[in-house]
Amino acid sequence: MYLYQRLKDVREDADKKQEDIACILNITRQQYQLYECGKREMPMHHFVILAKYYNVSLDYLAGLIDTPRRLG
């Protein structure tokens, strides 16, 4: 699975819009959209923020594993 698809999937599973996630990351919706469609690489600190927000491991968020592991 590609990274951008996992970002979209976890966002949709949480019933959030791109605008919601952009607000959490303190960026514009357009910037987040570029991450989600794979046109721009997301900084590591944004991955950490999203992993905490969604309560999933970084390896799941990055698409390295297919079964979500909860934090903590």
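Throughout, read-outs are computed from the coordinates displayed, never taken from laboratory work. Not measured: the values here are computed from a predicted model. No Cβ is skipped: glycine too gets one built from the backbone with ideal geometry, and neighbour counts run over all protein chains shown.
Local charge for K17 was computed over the other residues whose Cβ lies under 10 Å away, with Lys and Arg +1 and Asp and Glu -1, and equals -1.
Taking other residues whose beta carbon is less than 15 angstrom from the beta carbon of R6, and scoring Lys, Arg as +1 and Asp, Glu as -1, yields -3. Taking a point 7 Å from the Cα of Q31 along the Cα-to-Cβ direction, the residues of the range 1-21 with backbone N closer than 15 Å to it are 19-21. Computed from backbone phi, the HN-Hα couplings of the range 4-11 come to 4, 5, 5, 4, 5, 4, 5, 5 Hz, rounded to whole numbers (Karplus: 6.51 cos²θ - 1.76 cosθ + 1.60, θ = phi - 60°; Gly and Pro given as x).
Based on the Cα gyration tensor of the chain, what are the three equivalent ellipsoid semi-axes, each the root of five times an eigenvalue, rounded to whole Å and given largest first? Show your work: numbers first, answer last.
Working: eigenvalues 63, 34, 25 Å².
Equivalent ellipsoid semi-axes, largest first: 18, 13, 11 Å.
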